[in-house]
Ligand code: F6P
């Protein structure tokens with residue numbers, strides 16, 4: 001079966017200053033990860049490891065600057081059409097989905113957790129108690145994201161080529177949790193670190209998982 005490759009974007013300016021949300025650029029470290037991910041994709045995703053030939057693969061990012069920047073060194077190999085085998089050339093298809101954008105924190109967008117705790121102590125507490133259902137004022141909850149991910153999951157399940165998704169912490173927790181069969185309430189606390197590609201290969205009831213840390 002085909003595999004899914006999940007990766008968070010490289011470190012962003014907001015990650016560095018511990019702020020949530022926003023639409024900031026990558027830091028120098030984040031840029032380095034973008035290069036490493038490009039190399040990984042060209043060696044492990046876009047190429048058939050046995051024959052060394054380019055093979056069809058798909059790339060999805062969110063619409064935010066940090067995922068698009070992280071994906072910019074990923075090659076888009078030209079390949080022979082997989083079905084006809086004729087000299088038709090197709091390209092790795094890069095799709096940008098707003099439904100992959102990070103959890104929107106509403107009035108808390110751009111704040112640090114410390115600032116949120118000071119300004120909105122009750123909200124902060126409520127989120128600790130029920131992270132899955134908690135909705136930021138004028139923003140989203142994990143449950144809200146789940147509904148916008150539904151159509152994407154259906155699409156993922158229909159693919160026959162490897163797919164690389166460059167996304168965000170909350171969104172990837174839900175996608176990952178879904179594919180490995182976690183209860184949805186447990187997803188908000190799953191670990192999806194930076195600088196790591198998670199390779200999931202579907203089996204009948206769950207997925208085989210491999211984590212590849214790319215930090216150099
Ligand atoms: O800090 C990075 C980030 O992607 C934020 O933009 C987002 O609000 C947060 O992670 C989601 O993680 P948590 O649900 O643990 O706050």
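For residues that are more than 28 Å from residue 68 (Cα to Cα) and surrounded by 14 or more Cβ atoms within 10 Å (Cβ to Cβ), tally how many sit in the range 117-144. Summing the residues that are more than 28 Å from residue 68 (Cα to Cα) and surrounded by 14 or more Cβ atoms within 10 Å (Cβ to Cβ) in the range 117-144 gives 8. If only residues of the range 70-100 that are buried (at least 21 other Cβ atoms within 10 Å of the Cβ) and at pLDDT 95 or above are counted, the one that is farthest from residue 35 (Cα to Cα) is 100. Where helices (runs of 4 or more DSSP H) fall wholly inside the range 111-216, the ranges with 3 or more residues that are touching a strand residue (DSSP E or B) at 6+ places or on another chain (Cβ under 9 Å) are 142-158, 169-180. May I ask you to verify whether residue 172 is closer than 24 Å to residue 95 by Cβ, within 15 Å of the chain's Cα centre (by Cα) and buried (at least 19 other Cβ atoms within 10 Å of the Cβ)? Yes: the conditions hold for residue 172.
Looking at the range 46-55, can you tell me whether even one residue there is surrounded by 15 or more Cβ atoms within 10 Å (Cβ to Cβ), in contact (Cβ under 8 Å) with a residue 60 or more places away in the chain and not in a strand (DSSP E or B)? Scanning the range 46-55 turns up at least one residue that is surrounded by 15 or more Cβ atoms within 10 Å (Cβ to Cβ), in contact (Cβ under 8 Å) with a residue 60 or more places away in the chain and not in a strand (DSSP E or B). Hey, can you tell me all the residues within the range 194-212 that are in contact (Cβ under 8 Å) with a residue 24 or more places away in the chain and either crowded, with 18+ Cβ neighbours inside 10 Å or under 26 Å from residue 66 (Cβ atoms) (or both)? Within the range 194-212, 194, 195, 196, 197, 198, 199, 200, 207, 209, 212 meet the criteria. Looking only at the range 1-39, residues that are under 28 Å from residue 204 (Cβ atoms), more than 16 Å from the ligand (Cβ to nearest atom) and crowded, with 17+ Cβ neighbours inside 10 Å come to 3 in all. Can you find a residue that is in a strand (DSSP E or B) and away from the ligand (no atom under 16 Å from the Cβ) anywhere in the range 62-78? For the range 62-78, residues in a strand (DSSP E or B) and away from the ligand (no atom under 16 Å from the Cβ): present. Filter the range 1-32 down to the residues that are assigned to a helix (DSSP H, G or I) and touching a strand residue (DSSP E or B) at 6+ places or on another chain (Cβ under 8 Å), then identify the one that is farthest from residue 103 (Cα to Cα). Result: 30.
Of all residue pairs spaced 6 or more apart or on separate chains, those with beta-carbon atoms under 6 Å, a first member in the range 104-131 that is at positive phi and a second member that is more than 13 Å from the ligand (Cβ to nearest atom) and not in a helix (DSSP H, G or I) are 106/137; 106/138.
The condition (being within 13 Å of the ligand (Cβ to nearest atom) and either closer than 28 Å to residue 57 by Cβ or surrounded by 19 or more Cβ atoms within 10 Å (Cβ to Cβ) (or both)) is satisfied by just one residue among 215, 191, 158, 147: 191.
Would you confirm whether or not the range 93-107 contains a residue that is more than 25 Å from residue 165 (Cβ to Cβ) and within 16 Å of the ligand (Cβ to nearest atom)? Checked against the condition, which is being more than 25 Å from residue 165 (Cβ to Cβ) and within 16 Å of the ligand (Cβ to nearest atom), the range 93-107 yields at least one hit.
The values are calculated or read from the model by the stated rules, or taken from the named source; none is laboratory data. Keep in mind the model is a prediction, meaning the values are calculated, not measured. Cβ coordinates were reconstructed from backbone atoms using ideal geometry, including for glycine residues, and neighbour counts include every protein chain displayed.
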